[in-house]
Amino acid sequence: MAQTTPNHTQTVSGWAAHDTSGKITPYIFKRRENGVNDVTIEILYCGICHTDLHQVRNDWGITMYPIVPGHEITGLITKVGSNVKGFKVGDKVGVGCLAASCLDCEFCNSSQENYCDQVQFTYNGIFWDGSITYGGYSKMLVADHRYVVHIPENLAMDAAAPLLCAGITVFCPMKDNNLVGGAMGKKVGIVGLGGLGHVAVKFAKAFGHHVTVISTSPSKQNEAKARLGADDFIVSTDDQQMQQARRSLDFILDTVSANHSLGPILQLLKVNGTLVFVGAPEKPIELPSFPLIFGKRVVKGSMIGGMRETQEMMDICGKHNITCDIEVIRPDNINEAMDRLVRNDVRYRFVIDIAGNSSN
Ligand code: NAP
Ligand code: ZN
């Protein structure tokens, strides 16, 4: 059902899924008027995050159909509200996962809005006015400016788009564990070389660490080393390789979207090492106690990041010229791209050319 919230007067074309088949079709819907704190954004590009796939298929049982996915959005500001500071018409900006939070709790007050108890997301969320949020698989977005970041001039708008979710999601746990601007030369493992994982490799290298990719795909080895700069590559299904790397890593970031056991991965950590889990498989992950207790190891989770850190990450990407390795697609090809994402056939992020600016 299309929304009928009173201030939602702007007609927008986008792409939505209507049931658990996850099939995406063109969809016309309404967005709110640009409020005093809002900016209106002409969307240029939107990345396809694995979360979009989980959500359109209702993997997590929380999807409100029709769903317009997309939370890796880059575009140009076309309108600013009267209370908006720091943004003007024509600015290159990005919007990630966050659409609203309470603005008043300890987390909002310390720019960890992502952990606000009332956080609402860019799609499949419920905004302050009661409307269901629709994401970036659409031509235009109205966003509260407190959840918008600037994109550095030197970054390409298509290849920067996935930084808004994949980038910040892997940046925060690295920062949290003193791997950004702290000690260098740590032994860092990245599990799963997909959208999140490939950015994590680039970040960890840019921050001066020794990076080991732990992957189920031997075919990714050459690229991981030659293009992304990984130092080592372990095929996680090869017991011998896993045994040889026991107790070798200080920190592991697990980005895997599917169910798997953390046991063999934990064995790769040194005593006292930390594993941060950011993947979101629909079923509980297997966490055997022996590799935990025998190595006094820590397992933590992490969800995207706050707005201050999102801007910080963007600026660091600008400084180091870090963007994502992408395959740009037309909106007509979203379903095909999602099918390929299911089959782990993407190097390393699909980005939808919403405005039709790319040549392919
Ligand atoms: P993606 O591009 O599909 O990458 C996931 C990678 O996991 C694949 O490239 C593959 O790497 C590995 N993998 C896939 N199936 C596997 C299996 N059966 N067993 C072992 N490894 C497998 O996905 P993504 O966009 O990076 O997202 C990854 C996960 O993070 C999703 O669950 C997503 O919802 C979640 N996520 C969480 C947050 C957060 O805030 N915590 C934010 C964004 C996304 P190899 O080929 O190298 O094995
Ligand atoms: Zn995402």
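Numbers for the structure displayed
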quantity: Residue match in region 140-161 (condition: within 14 Å of ligand 2 (Cβ to nearest atom), buried (at least 21 other Cβ atoms within 10 Å of the Cβ), modelled with pLDDT of 95 or more and within 14 Å of the chain's Cα centre (by Cα)); calculated: yes
quantity: Close pairs from region 37-62: first under 18 Å from Gly14 (Cβ atoms) and open to solvent by 10 Å² or more (accessible area, probe 1.4 Å), partner of a type in the set (Lys, Arg) and within 9 Å of ligand 2 (Cβ to nearest atom), Cβ under 6 Å, at least 6 apart; calculated: none
quantity: From the options Leu275, Leu341, Leu269, residue that is more than 20 Å from the chain's Cα centre (by Cα) and surrounded by 18 or more Cβ atoms within 10 Å (Cβ to Cβ); calculated: Leu269
quantity: Which listed residue, of Ala245, Ala230, Ala258, Ala224, is surrounded by 14 or more Cβ atoms within 10 Å (Cβ to Cβ) and over 27 Å from His320 (Cβ atoms); calculated: Ala245
quantity: Residue selected from region 29-53 under the condition among the acidic types (Asp, Glu) and away from ligand 1 (no atom under 16 Å from the Cβ), by the criterion nearest to the chain's Cα centre (by Cα); calculated: Glu42
quantity: Failed item, numbered, when Ser217 is tested on (1) open to solvent by less than 70 Å² (accessible area, probe 1.4 Å); (2) touching a Lys or Arg at 6+ places or on another chain (Cβ under 7 Å); (3) touching a residue at least 40 places away in the same chain (Cβ under 8 Å); (4) not acidic (Asp, Glu); calculated: (2)
quantity: Residues within region 122-138 that are out of contact with any helix residue (DSSP H, G or I) (no Cβ under 9 Å at 6 or more places or on another chain) and either at positive phi or surrounded by 20 or more Cβ atoms within 10 Å (Cβ to Cβ) (or both), tallied; calculated: 4
quantity: Set Arg343, Arg308, Arg347, Arg330: member being in contact (Cβ under 8 Å) with a residue 24 or more places away in the chain, under 30 Å from Leu266 (Cβ atoms) and among the basic types (Lys, Arg); calculated: Arg347
quantity: Qualifying residue in region 89-110 (condition: in contact (Cβ under 8 Å) with a residue 60 or more places away in the chain, away from ligand 2 (no atom under 14 Å from the Cβ) and crowded, with 24+ Cβ neighbours inside 10 Å); calculated: no
quantity: Filter pass, Glu312 being under 17 Å from the mean Cα position of the chain (by Cα) and open to solvent by 50 Å² or more (accessible area, probe 1.4 Å); calculated: yes
quantity: Filter result for the condition that a residue is in contact (Cβ under 8 Å) with a residue 60 or more places away in the chain, more than 15 Å from ligand 1 (Cβ to nearest atom) and in contact with a helix residue (DSSP H, G or I) (Cβ under 9 Å, 6 or more places away or on another chain), over Leu193, Leu179; calculated: Leu179
quantity: Residues of region 103-139 satisfying the condition of being under 22 Å from the mean Cα position of the chain (by Cα) and among the hydrophobic types (A, V, I, L, M, F, W, C); calculated: Phe107, Cys108, Cys116, Val119, Phe121, Ile126, Phe127, Ile132
quantity: Strands (runs of 3 or more DSSP E) lying entirely in region 54-117 (those with 3 or more residues that are more than 16 Å from ligand 1 (Cβ to nearest atom)); calculated: 73-80
quantity: Every residue from region 344-359 that is open to solvent by less than 60 Å² (accessible area, probe 1.4 Å), under 17 Å from the mean Cα position of the chain (by Cα) and not aliphatic (A, V, I, L, M); calculated: Tyr348, Arg349, Phe350
quantity: Residue that is surrounded by the fewest Cβ atoms within 10 Å (Cβ to Cβ) [pool: residues in region 280-308 that are more than 16 Å from ligand 1 (Cβ to nearest atom) and of a type in the set (D, E, K, R)]; calculated: Lys296
quantity: Condition check for Val119: over 18 Å from Tyr348 (Cα atoms) and without any contact (Cβ under 8 Å) to a residue 40 or more places away in the chain; calculated: yes
quantity: Hey, Pro26 more than 16 Å from ligand 1 (Cβ to nearest atom) and open to solvent by 70 Å² or more (accessible area, probe 1.4 Å) or not; calculated: yes
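The values are calculated or read from the model by the stated rules, or taken from the named source; none is laboratory data. On a predicted model such as this, the values are computed, not experimentally measured, just so you know. Because the Cβ atoms are built from the backbone with ideal geometry, glycine has one as well, and the counts that use them run over all protein chains shown. These area figures cover heavy atoms from the full protein model, side chains too; ligands, DNA and RNA do not enter into them. Shrake-Rupley method; radii C 1.70, N 1.55, O 1.52, S 1.80 Å.
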